[in-house]
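Below is one structure; the comments refer to it alone.
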Amino acid sequence: MADPVISIKESTTEKTITYADPFKKGGPCDDCMPRLSNNELISLIIKCTDFAAKKHSNQRRKDVAQTPYINHPIGVANILVQEGDIYDPVVILAALLHDVVEDTDTSFDEIEVEFGYTVSQIIQELTDDKTLPREERKRLQIENASKRSHRAKLVILADKLYNLRDLQKNIPICWTPEKVKEYFKWAKAVIDRIRRTNSNLETALDRVFAKQRIETEIDCKCLRDNLQDFSNSEN
(Lines give C-alpha, C1' and ligand atoms only; values in the text may rest on other atoms or scores of the structure.)
Protein backbone atom coordinates (compact mmCIF):
# COMPACT_ATOMS: atom_id res chain seq x y z
CA MET A 1 0.00 0.00 0.00
CA ALA A 2 1.04 3.60 -0.51
CA ASP A 3 2.56 5.60 2.30
CA PRO A 4 -0.38 6.87 4.42
CA VAL A 5 1.36 10.16 5.19
CA ILE A 6 0.32 12.74 2.60
CA SER A 7 1.66 15.92 4.16
CA ILE A 8 3.68 17.27 7.07
CA LYS A 9 3.41 20.87 8.17
CA GLU A 10 5.86 22.26 10.67
CA SER A 11 5.81 25.49 12.61
CA THR A 12 7.93 26.85 15.41
CA THR A 13 5.53 25.36 17.97
CA GLU A 14 4.16 22.13 16.54
CA LYS A 15 4.21 19.56 13.75
CA THR A 16 0.97 18.53 12.05
CA ILE A 17 0.86 15.22 10.19
CA THR A 18 -2.01 14.55 7.80
CA TYR A 19 -2.79 10.96 6.82
CA ALA A 20 -4.50 9.75 3.68
CA ASP A 21 -8.16 8.89 4.22
CA PRO A 22 -9.57 6.31 1.78
CA PHE A 23 -13.06 7.69 2.41
CA LYS A 24 -12.43 11.36 1.62
CA LYS A 25 -11.56 13.22 -1.57
CA GLY A 26 -10.56 16.19 0.46
CA GLY A 27 -13.90 17.85 1.19
CA PRO A 28 -15.67 18.04 4.56
CA CYS A 29 -18.91 16.17 3.80
CA ASP A 30 -20.02 12.61 3.02
CA ASP A 31 -20.67 13.65 -0.60
CA CYS A 32 -16.90 13.91 -0.94
CA MET A 33 -16.50 10.19 -0.28
CA PRO A 34 -14.80 8.56 -3.28
CA ARG A 35 -16.17 5.44 -4.92
CA LEU A 36 -13.75 2.65 -4.07
CA SER A 37 -13.31 -0.29 -6.39
CA ASN A 38 -14.38 -3.78 -5.30
CA ASN A 39 -10.74 -4.72 -4.93
CA GLU A 40 -10.09 -1.72 -2.68
CA LEU A 41 -13.14 -2.46 -0.52
CA ILE A 42 -12.25 -6.13 -0.09
CA SER A 43 -8.66 -5.18 0.72
CA LEU A 44 -9.76 -2.71 3.40
CA ILE A 45 -12.25 -5.09 5.04
CA ILE A 46 -9.77 -7.98 5.14
CA LYS A 47 -7.04 -5.68 6.46
CA CYS A 48 -9.41 -4.37 9.12
CA THR A 49 -10.55 -7.86 10.17
CA ASP A 50 -6.93 -8.99 10.44
CA PHE A 51 -6.05 -5.85 12.43
CA ALA A 52 -8.92 -6.40 14.88
CA ALA A 53 -8.15 -10.13 15.21
CA LYS A 54 -4.54 -9.40 16.17
CA LYS A 55 -5.56 -6.70 18.65
CA HIS A 56 -8.12 -8.97 20.35
CA SER A 57 -6.06 -12.17 20.02
CA ASN A 58 -5.57 -12.69 23.75
CA GLN A 59 -9.09 -11.75 24.78
CA ARG A 60 -12.10 -13.96 25.43
CA ARG A 61 -15.78 -13.31 26.01
CA LYS A 62 -17.07 -13.86 29.54
CA ASP A 63 -19.23 -16.89 28.73
CA VAL A 64 -18.49 -20.38 30.08
CA ALA A 65 -16.93 -21.45 26.76
CA GLN A 66 -14.66 -18.37 26.79
CA THR A 67 -15.48 -17.62 23.17
CA PRO A 68 -12.73 -15.74 21.28
CA TYR A 69 -13.49 -12.02 21.58
CA ILE A 70 -13.00 -11.39 17.87
CA ASN A 71 -16.27 -13.26 17.26
CA HIS A 72 -18.06 -10.23 18.71
CA PRO A 73 -16.91 -7.42 16.36
CA ILE A 74 -17.19 -9.74 13.36
CA GLY A 75 -20.69 -10.66 14.50
CA VAL A 76 -21.64 -6.98 14.89
CA ALA A 77 -20.44 -6.26 11.34
CA ASN A 78 -22.38 -9.27 10.07
CA ILE A 79 -25.59 -8.06 11.75
CA LEU A 80 -25.22 -4.69 10.04
CA VAL A 81 -24.95 -6.31 6.62
CA GLN A 82 -27.32 -9.27 6.93
CA GLU A 83 -30.05 -7.70 9.06
CA GLY A 84 -29.53 -3.96 8.85
CA ASP A 85 -28.95 -3.97 5.08
CA ILE A 86 -26.00 -1.66 5.65
CA TYR A 87 -23.22 -1.67 3.06
CA ASP A 88 -21.45 1.56 3.99
CA PRO A 89 -17.79 0.45 4.31
CA VAL A 90 -17.12 3.13 6.93
CA VAL A 91 -19.79 1.61 9.19
CA ILE A 92 -18.55 -1.94 8.61
CA LEU A 93 -14.95 -1.00 9.44
CA ALA A 94 -16.13 0.90 12.52
CA ALA A 95 -18.04 -2.19 13.65
CA LEU A 96 -14.94 -4.36 13.31
CA LEU A 97 -12.87 -1.82 15.24
CA HIS A 98 -15.39 -0.52 17.77
CA ASP A 99 -13.70 -2.07 20.83
CA VAL A 100 -10.01 -1.94 19.91
CA VAL A 101 -9.20 1.38 21.57
CA GLU A 102 -11.37 0.78 24.63
CA ASP A 103 -10.18 -2.78 25.26
CA THR A 104 -6.64 -2.97 23.85
CA ASP A 105 -3.53 -0.80 23.65
CA THR A 106 -4.61 0.68 20.29
CA SER A 107 -4.69 4.47 19.93
CA PHE A 108 -6.97 6.68 17.86
CA ASP A 109 -3.89 7.85 15.96
CA GLU A 110 -3.15 4.26 14.99
CA ILE A 111 -6.70 3.84 13.68
CA GLU A 112 -6.33 7.03 11.67
CA VAL A 113 -3.01 5.93 10.17
CA GLU A 114 -4.37 2.54 9.14
CA PHE A 115 -7.96 3.37 8.16
CA GLY A 116 -8.27 7.14 7.91
CA TYR A 117 -9.75 10.03 9.84
CA THR A 118 -13.38 9.20 8.99
CA VAL A 119 -13.26 5.77 10.63
CA SER A 120 -11.16 7.07 13.53
CA GLN A 121 -13.78 9.71 14.35
CA ILE A 122 -16.52 7.09 14.62
CA ILE A 123 -14.37 4.94 16.90
CA GLN A 124 -13.93 7.97 19.14
CA GLU A 125 -17.71 8.30 19.32
CA LEU A 126 -18.03 4.64 20.31
CA THR A 127 -15.24 4.51 22.91
CA ASP A 128 -15.98 4.90 26.61
CA ASP A 129 -13.61 6.81 28.88
CA LYS A 130 -12.23 4.00 31.04
CA THR A 131 -10.89 6.46 33.61
CA LEU A 132 -14.50 6.95 34.72
CA PRO A 133 -16.36 4.54 37.05
CA ARG A 134 -18.40 1.86 35.28
CA GLU A 135 -21.77 3.26 36.36
CA GLU A 136 -20.83 6.72 35.11
CA ARG A 137 -19.78 5.29 31.75
CA LYS A 138 -23.11 3.54 31.45
CA ARG A 139 -24.97 6.72 32.37
CA LEU A 140 -23.07 8.68 29.75
CA GLN A 141 -23.88 6.10 27.07
CA ILE A 142 -27.56 6.76 27.69
CA GLU A 143 -27.13 10.52 27.88
CA ASN A 144 -24.96 10.85 24.78
CA ALA A 145 -26.57 8.24 22.53
CA SER A 146 -28.82 10.71 20.72
CA LYS A 147 -25.84 12.98 20.01
CA ARG A 148 -23.95 10.35 18.04
CA SER A 149 -23.60 10.41 14.27
CA HIS A 150 -25.89 8.20 12.19
CA ARG A 151 -23.01 5.84 11.46
CA ALA A 152 -22.13 5.49 15.15
CA LYS A 153 -25.78 4.86 16.02
CA LEU A 154 -25.89 1.97 13.54
CA VAL A 155 -22.93 0.32 15.25
CA ILE A 156 -24.53 0.87 18.66
CA LEU A 157 -27.74 -0.84 17.53
CA ALA A 158 -25.89 -3.86 16.12
CA ASP A 159 -23.57 -4.05 19.12
CA LYS A 160 -26.48 -4.09 21.58
CA LEU A 161 -28.37 -6.62 19.47
CA TYR A 162 -25.38 -8.98 19.44
CA ASN A 163 -24.80 -8.64 23.20
CA LEU A 164 -28.45 -9.09 24.17
CA ARG A 165 -28.82 -12.20 22.01
CA ASP A 166 -25.61 -13.54 23.49
CA LEU A 167 -26.96 -12.99 27.01
CA GLN A 168 -30.07 -14.98 26.18
CA LYS A 169 -27.89 -17.90 25.08
CA ASN A 170 -24.81 -17.63 27.31
CA ILE A 171 -24.95 -15.85 30.66
CA PRO A 172 -21.43 -14.66 31.58
CA ILE A 173 -19.62 -16.36 34.43
CA CYS A 174 -20.60 -14.89 37.82
CA TRP A 175 -23.54 -12.90 36.38
CA THR A 176 -26.72 -13.18 38.43
CA PRO A 177 -30.24 -13.09 36.92
CA GLU A 178 -30.60 -9.64 38.46
CA LYS A 179 -27.49 -8.39 36.65
CA VAL A 180 -28.82 -9.74 33.36
CA LYS A 181 -32.11 -7.95 34.01
CA GLU A 182 -30.28 -4.68 34.73
CA TYR A 183 -28.25 -5.01 31.52
CA PHE A 184 -31.42 -5.41 29.46
CA LYS A 185 -32.96 -2.38 31.19
CA TRP A 186 -29.85 -0.28 30.54
CA ALA A 187 -29.51 -1.42 26.91
CA LYS A 188 -33.14 -0.52 26.22
CA ALA A 189 -32.57 2.95 27.67
CA VAL A 190 -29.69 3.45 25.21
CA ILE A 191 -31.67 2.07 22.27
CA ASP A 192 -34.70 4.23 23.04
CA ARG A 193 -32.49 7.32 22.61
CA ILE A 194 -31.58 6.37 19.04
CA ARG A 195 -34.89 5.17 17.62
CA ARG A 196 -35.64 5.81 13.94
CA THR A 197 -32.07 4.98 12.93
CA ASN A 198 -32.64 1.59 11.27
CA SER A 199 -36.06 -0.07 11.38
CA ASN A 200 -34.72 -3.57 10.68
CA LEU A 201 -32.33 -3.53 13.61
CA GLU A 202 -34.82 -1.87 15.92
CA THR A 203 -37.47 -4.47 15.10
CA ALA A 204 -34.97 -7.23 15.85
CA LEU A 205 -34.11 -5.56 19.15
CA ASP A 206 -37.78 -5.24 20.08
CA ARG A 207 -38.20 -8.98 19.49
CA VAL A 208 -35.31 -9.64 21.86
CA PHE A 209 -36.79 -7.34 24.51
CA ALA A 210 -40.21 -9.00 24.13
CA LYS A 211 -38.73 -12.49 24.42
CA GLN A 212 -36.80 -11.52 27.53
CA ARG A 213 -39.90 -9.97 29.10
CA ILE A 214 -41.93 -13.13 28.47
CA GLU A 215 -39.18 -15.37 29.86
CA THR A 216 -38.84 -13.15 32.94
CA GLU A 217 -42.59 -13.26 33.52
CA ILE A 218 -42.56 -17.06 33.19
CA ASP A 219 -39.67 -17.33 35.66
CA CYS A 220 -41.47 -15.04 38.10
CA LYS A 221 -44.69 -17.06 37.76
CA CYS A 222 -42.80 -20.32 38.35
CA LEU A 223 -41.19 -18.79 41.41
CA ARG A 224 -44.56 -17.64 42.73
CA ASP A 225 -46.08 -21.06 42.08
CA ASN A 226 -43.19 -22.80 43.84
CA LEU A 227 -43.49 -20.50 46.83
CA GLN A 228 -47.24 -21.10 46.94
CA ASP A 229 -46.73 -24.88 46.77
CA PHE A 230 -44.18 -24.67 49.58
CA SER A 231 -46.55 -22.55 51.65
CA ASN A 232 -49.42 -25.01 51.11
CA SER A 233 -47.24 -27.95 52.11
CA GLU A 234 -46.36 -26.23 55.37
CA ASN A 235 -50.04 -25.81 56.28
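The values are calculated or read from the model by the stated rules, or taken from the named source; none is laboratory data. Just so it is clear, the model here is predicted, and its values are computed rather than measured. Counting neighbours? That spans all protein chains shown, and the Cβs are built from the backbone with ideal geometry, glycine included. Surface accessibility is based on the protein's heavy atoms, side chains included, excluding ligands, DNA and RNA. Shrake-Rupley method; radii C 1.70, N 1.55, O 1.52, S 1.80 Å.
Quick notes on this structure:
- Computed in the context of the full set of protein chains, the accessible area of segment 29-108 at 1.4 Å probe radius has 51% of its extent on carbon or sulfur.
- Annotation for segment 74-151: chymotrypsin sites (Phe, Trp or Tyr not before Pro) lying in DSSP loop with at most 11 further Cβ atoms inside 10 Å of their Cβ are Tyr87.
- Within the shell defined by Cβ-Cβ distances under 15 Å, the residues around Val190 carry a net charge of +3, with Lys and Arg each +1 and Asp and Glu each -1.
- Between amide H atoms placed 1.01 Å from N, distances below 5 Å from Arg60 occur with Tyr69, all of them 5 or more places distant or on a separate chain.
- Point-to-point label distance, Gln66-Asp192, nm (Cα→Cβ direction, 7 Å offset): 3.9
- Each peptide among 57-69, 88-100 gets the average number of other Cβ atoms lying within 10 Å of its residues, and from highest to lowest they stand as 88-100, 57-69.
- Extended-chain gain in nm, criterion 0.36 nm per residue less alpha-carbon gap, Glu110 and Thr203: 29.9 nm
- Amide N proximity, segment 71-90 versus Glu102 label position 7 Å along Cα-to-Cβ, cut-off under 12 Å: 73
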